[in-house]
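To keep things clear, I will list the structure first and then write my remarks on it.
The values are calculated or read from the model by the stated rules, or taken from the named source; none is laboratory data. Since this is a predicted model, take the numbers as computed values, not measurements. Using ideal geometry, Cβ is built from the backbone for each residue, glycine included, and neighbour counts are taken over all protein chains shown. Note: accessible area is taken over every heavy atom of the protein model, side chains too, but ligands, DNA and RNA are not part of it. Shrake-Rupley method; radii C 1.70, N 1.55, O 1.52, S 1.80 Å.
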Amino acid sequence: MASLPHMVDLYKYIVDVPDFPEPGIVFKDITPLLASPEAFLQAVDEMADPFTDSNVDIVVGIESRGFLLAGSIAERIGSGVGLVRKPGKLPRKTVSITYDLEYGTDSLEIHEDAFPGGASVLIVDDVLATGGTLAASSKLIEMAGGEVVGATMLMELTFLNGRSRFHGPLHAILSY
Ligand code: AMP
């Protein structure tokens with residue numbers, strides 16, 4: 001992790017966008033954080049930190065902002081990368097699951113052979129809101145033979161209590 005004098009305030013790199021994508025939702029825009037080398041590196045260091053000694057085989061990113069974080073976190077903890085994707089994106093045979101999110105419902109898919117022989121999996125996403133996406137992804141990974149050992153999020157919207165829907169170590173470096 002970056003030494004203390006160089007730490008930045010990551011909250012300053014998250015922009016609230018009211019009423020996006022629909023009225024009543026405050027969208028947390030992380031693109032300023034992604035665009036800053038200091039903030040991005042600090043964020044992935046902090047997200048990876050509790051899991052560096054966890055023997056994680058695969059870091060699974062949730063489409064699509066989760067992908068951006070998952071690759072860098074995997075590099076830090078010495079694991080591979082896996083993809084949970086929206087329907088119709090993966091080219092080979094998949095398992096899929098339908099779930100509720102903060103605005104609407106959606107489905108997610110993973111390659112059915114994503115974890116040959118089983119694998120210890122760390123789930124990565126940008127925002128934990130209602131927890132529906134994380135719960136669905138966790139179930140999907142288990143359906144495909146992976147063992148979920150934890151989840152690491154850039155931020156948690158604590159007032160939605162999504163954390164209660166995930167059974168395992170859940171790390172979020174920012175909370176609202
Ligand atoms: P949920 O299933 O309700 O926990 O929603 C989590 C997923 O939806 C994540 O993949 C987020 O990228 C996205 N999401 C939910 N709420 C927000 C929000 N307020 N701002 C940005 N992204 C969000």
Exercise. Please report, to two decimal places, log10 I(q)/I(0) for region 1-122 at q = 0.12, 0.19, 0.23 Å⁻¹ as given by the Debye formula with identical point scatterers on the Cα atoms and no solvent.
Key: -0.57, -1.16, -1.28
Practice problem: Name the residue, out of Asp45, Asp57, Asp106, whose mean-square fluctuation peaks in a Gaussian network model built on the chain with Cα pairs under 10 Å. | Solution: Asp106
Quiz item: Under a point spin-label approximation (7 Å from Cα along Cα-to-Cβ), what is the Phe27-Ser175 distance to one decimal in nm?
Solution: 2.7 nm
Quiz item: In whole percent, how big is the carbon plus sulfur part of the accessible area of the chain, probe 1.4 Å, protein atoms only?
Solution: 51 percent
Quiz prompt | Candidates per trypsin sites (Lys or Arg not before Pro) in region 38-111, loop by DSSP, up to 14 other Cβ within 10 Å | solution = Lys89, Arg92, Lys93
Quiz item: Per-residue HN-Hα couplings for region 10-27, Karplus 6.51 cos²θ - 1.76 cosθ + 1.60 at θ = phi - 60°, whole Hz, x for Gly and Pro?
Solution: 4, 4, 6, 9, 10, 10, 6, 10, x, 6, 10, x, 8, x, x, 8, 9, 7
Practice problem: Step through the residues of region 53-66 one at a time and calculate ³J(HN,Hα) from phi using the Karplus curve (6.51 cos²θ - 1.76 cosθ + 1.60, θ = phi - 60°), rounding each to whole Hz and writing x for Gly and Pro. | Solution: 10, 9, 6, 6, 8, 9, 9, 9, x, 9, 4, 10, 5, x
Quiz item: Taking Cα centroids, how far is region 25-89 from region 99-176 in Å?
Solution: 12 Å
Quiz item: If amide H atoms are built 1.01 Å from N in the plane of the peptide, which residues on other chains or at least 5 residues away come under 5 Å of the amide H of Thr130?
Solution: Glu102
Quiz prompt | Listed residues Ile77, Ile14, Ile25, most fluctuating in the chain (Gaussian network, C-alpha, under 10 Å) | solution = Ile25
Quiz item: Among Ala136, Leu122, Phe166, which residue has its Cα positioned farthest towards the positive end of the charge dipole of the chain, with +1 placed on the Cβ of Lys and Arg, -1 on the Cβ of Asp and Glu, and the dipole taken about the Cα centre?
Solution: Ala136
Quiz item: Taking amide H positions as placed 1.01 Å from N in the peptide plane, with prolines and chain starts having none, which residues 5 or more places from Gly82, or on another chain, fall under 5 Å of its amide H?
Solution: Val59, Val60, Gly61
Quiz item: What residue among Leu134, Leu90, Leu157 shows peak mean-square fluctuation when the chain is described by a Gaussian network model with Cα springs under 10 Å?
Solution: Leu90
